[in-house]
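I have placed the structure first, in the form of structure tokens, so that the comments after it can refer back to it.
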Amino acid sequence: MKQYGYCRISTAKQNIERQVRNIKAAYPDAVIIEEVYTGTHFQGRKQLDRILNTVKGGDTIIFDSVSRMSRNAEEGFALYEELYERGITLVFLKEPHINTETYKQAMDSGIPHTGTAVDLILDGVNKYLMALAKEQIRLAFEQSEKEVQDLHQRTKEGIETARLAGKQIGHRPGTKLVTKKSIAAKEIIRQYNKTFGGQLDNEQTRRLAGVSTATFYKYKRELTEE
């Protein structure tokens, strides 16, 4: 049984090492497959296709988060079910509640039949439990898709706000550097860091934003001064 860690970034400017570190920390024997892909569909994801064509029943695919598997909820859910039926174990480090092992336990935890007429009721209860488990998975993919869309929208709005405020988008000697990446990272810090009312500590926020320690504290200081 083999373990594959799939890491994906949307642009070549992003840092994929955070995903690699997270997967290796939890699954040190995993074979890491890296991919840079900017689309929203599975067509053209050569490295993901490589894994999908290689894995067999009993193998494991590890993702840093559900967003690395798919940005499209419908396709992501369909792929999840397909791999589950093939006996592939799926692990999502940031969403362990939808790991296939958790899903399988939900499927296997149905109420046993009694051999009486009550079984008609139990069949309905068990189907309802299965539907709830499936809905959790679907919601996770939908939430991931929405977060990506929201981040893109906030980044776009942040750039426009900066432009209207007369800020230079790009580097100019002697001025503060404002880039798409810095705006996105600051938005993550503002939304998730405990200093600004979020739930994550500094290190957790830094990892989520995908920036260095020095850059994180620089952005945090700038946000505090705003």
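The values are calculated or read from the model by the stated rules, or taken from the named source; none is laboratory data. Remember, predicted model here, so these are calculated numbers, not experimental data. Glycine also receives a Cβ, built like all others from the backbone with ideal geometry; neighbour counts cover every protein chain displayed. For the accessible areas, the whole protein counts, side chains as well, though only heavy atoms, and no ligand, DNA or RNA atoms are used. Shrake-Rupley method; radii C 1.70, N 1.55, O 1.52, S 1.80 Å.
For the reader, a short list of remarks on this structure follows.
- Subset of region 79-88 (residues that are open to solvent by 10 Å² or more (accessible area, probe 1.4 Å) and within 23 Å of I9 (Cβ to Cβ)): L79
- Test: T205 is modelled with pLDDT of 85 or more and hydroxyl-bearing (S, T, Y): yes
- Among the residues of region 14-25, at least one is assigned to a helix (DSSP H, G or I), surrounded by fewer than 14 Cβ atoms within 10 Å (Cβ to Cβ), small (G, A, S) and modelled with pLDDT of 90 or more.
- Hits in region 75-108 - residues which are in contact (Cβ under 8 Å) with a residue 60 or more places away in the chain and closer than 17 Å to R138 by Cβ: G76, F77, Y80
- Positions within region 60-72 being open to solvent by 10 Å² or more (accessible area, probe 1.4 Å) and either under 17 Å from M1 (Cβ atoms) or part of a helix (DSSP H, G or I) (or both), in sequence order: T60, S67, R68
- Test: R154 is within 15 Å of the chain's Cα centre (by Cα), modelled with pLDDT under 75 and more than 16 Å from R68 (Cβ to Cβ): no
- Residue, modelled with the highest pLDDT, within region 27-57, restricted to residues that are in a helix (DSSP H, G or I), in contact with a strand residue (DSSP E or B) (Cβ under 9 Å, 6 or more places away or on another chain) and exposed (fewer than 14 other Cβ atoms within 10 Å of the Cβ): T54
- Pick from region 184-226, criterion aromatic (F, W, Y) and out of contact with any Ser or Thr (no Cβ under 6 Å at 6 or more places or on another chain), ranking: surrounded by the most Cβ atoms within 10 Å (Cβ to Cβ): Y219
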